[in-house]
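**Q** Starting off with a structure, shown below.
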Amino acid sequence: GAGVSQSPSNKVTEKGKDVELRCDPISGHTALYWYRQSLGQGLEFLIYFQGNSAPDKSGLPSDRFSAERTGGSVSTLTIQRTQQEDSAVYLCASSSQTGGVDTIYFGEGSWLTVV
Amino acid sequence: QQPVQSPQAVILREGEDAVINCSSSKALYSVHWYRQKHGEAPVFLMILLKGGEQKGHDKISASFNEKKQQSSLYLTASQLSYSGTYFCGTEPNGNQFYFGTGTSLTVIP
């Protein structure tokens, strides 16, 4: 695609429900990143996928968070039993990382509100 | 492991220069710089790799001192479009990234 695509762009969910956030990186990009940004706060790294390598999940804030990347392309971030503190914008980014780290492109984010 | 940025906020007049610093307590593999405008996604500015030279992008450049585990972003002859929050991102290894708390930059006419 032309850019990093994220869906949904906005999600309001009730506390305790599960949510899935999707990221479709730029075609051919092998690296994919998930970040979280709470209102007025900085960027919090969640997880990074590089090719088919197993990701380091230690950045995920709790065991309610999980992420996968199927076929080295689309990624899904799942939050189980959502809590109000999960409310944030979840940003996905991708880069080509061929011959060294390339420009990193961000999607527009998925705004999650837990009520 | 979160890097420390300074200053927290800066106000400039158009045409003035600014320096934003980013310090880490950990040895770094790379440093990234981003700019984010209110309500928008961050925009990647540049990355500096261990052993890499200083980089430039238009009138914005950056340096990376591996021994001091520091990076600085230099904004020269600032323009109104430079306003935003600048984040550094540090990579202590190949698998995790940590972002600073950000520096709010406001350029006024």
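The values are calculated or read from the model by the stated rules, or taken from the named source; none is laboratory data. Predicted model only: the values in this text are computed from it and were never measured. Note that we place each Cβ from the backbone using ideal geometry, even for glycine, and neighbour counts take in every protein chain shown. Side chains are part of the model used for accessible areas, which takes the heavy atoms of the whole protein and leaves out ligands, DNA and RNA. Shrake-Rupley method; radii C 1.70, N 1.55, O 1.52, S 1.80 Å.
**Q** Applying the selection to the range B:1-31, what residues are open to solvent by 50 Å² or more (accessible area, probe 1.4 Å), assigned to a loop (DSSP other than H, G, I, E, B) and hydrophobic (A, V, I, L, M, F, W, C)?
**A** B:Ala27
**Q** Looking at the range B:39-53, is at least one residue at pLDDT 85 or above, within 14 Å of chain A (Cβ to nearest Cβ) and open to solvent by 70 Å² or more (accessible area, probe 1.4 Å)?
**A** Yes, the conditions are met somewhere in the range B:39-53.
**Q** Looking at B:Tyr29, B:Tyr34, B:Tyr86, can you tell me which residue is in contact (Cβ under 8 Å) with a residue 40 or more places away in the chain and within 20 Å of B:Ile108 (Cα to Cα)?
**A** Just one listed residue meets the conditions, B:Tyr86.
**Q** Also, quick follow-up: Keeping to the range A:16-27, report how many residues are open to solvent by 20 Å² or more (accessible area, probe 1.4 Å) and either among the hydroxyl-bearing types (Ser, Thr, Tyr) or part of a loop (DSSP other than H, G, I, E, B) (or both).
**A** Number of matching residues: 5.
**Q** OK, next. Which of the residues spanning the range A:1-10 are in a loop (DSSP other than H, G, I, E, B) and in contact with a Leu (Cβ under 9 Å, 6 or more places away or on another chain)?
**A** A:Val4, A:Pro8 - these are the residues of the range A:1-10 that are in a loop (DSSP other than H, G, I, E, B) and in contact with a Leu (Cβ under 9 Å, 6 or more places away or on another chain).
**Q** Give the residue, chosen from A:Thr13, A:Thr70, A:Thr82, A:Thr76, that is open to solvent by 20 Å² or more (accessible area, probe 1.4 Å) and touching a Leu at 6+ places or on another chain (Cβ under 9 Å).
**A** On the way: A:Thr13 fails: open to solvent by 20 Å² or more (accessible area, probe 1.4 Å); A:Thr70 fails: touching a Leu at 6+ places or on another chain (Cβ under 9 Å); A:Thr82 fails: open to solvent by 20 Å² or more (accessible area, probe 1.4 Å).
Result: A:Thr76 is the single residue among A:Thr13, A:Thr70, A:Thr82, A:Thr76 that is open to solvent by 20 Å² or more (accessible area, probe 1.4 Å) and touching a Leu at 6+ places or on another chain (Cβ under 9 Å).
**Q** Mind listing just one residue for me: the one in the range B:84-109 that is in a loop (DSSP other than H, G, I, E, B) and over 15 Å from B:Pro7 (Cβ atoms) and, of those, farthest from the other protein chains (Cβ to nearest Cβ)?
**A** B:Pro109
**Q** Quick check: anything in the range A:28-44 open to solvent by 70 Å² or more (accessible area, probe 1.4 Å) and over 27 Å from B:Gly100 (Cβ atoms)?
**A** Taking every residue of the range A:28-44 in turn, none turns out to be open to solvent by 70 Å² or more (accessible area, probe 1.4 Å) and over 27 Å from B:Gly100 (Cβ atoms).
**Q** Looking only at the range A:52-77, filter to residues that are free of Cβ contacts under 8 Å to residues at least 40 places away in the same chain and in a strand (DSSP E or B); which one of those is nearest to A:Gly28 (Cα to Cα)?
**A** Within the range A:52-77, the first condition is being free of Cβ contacts under 8 Å to residues at least 40 places away in the same chain, and the residues that meet it are A:52-71.
Pick out the ones that are also in a strand (DSSP E or B) and you get A:56, A:65-69.
Details: A:Asp56: 21, A:Phe65: 26, A:Ser66: 23, A:Ala67: 20, A:Glu68: 17, A:Arg69: 14 Å.
Here the residue is A:Arg69.
**Q** Consider A:Asp56 carefully, then state whether it is open to solvent by 10 Å² or more (accessible area, probe 1.4 Å) and away from chain B (no Cβ under 13 Å).
**A** no
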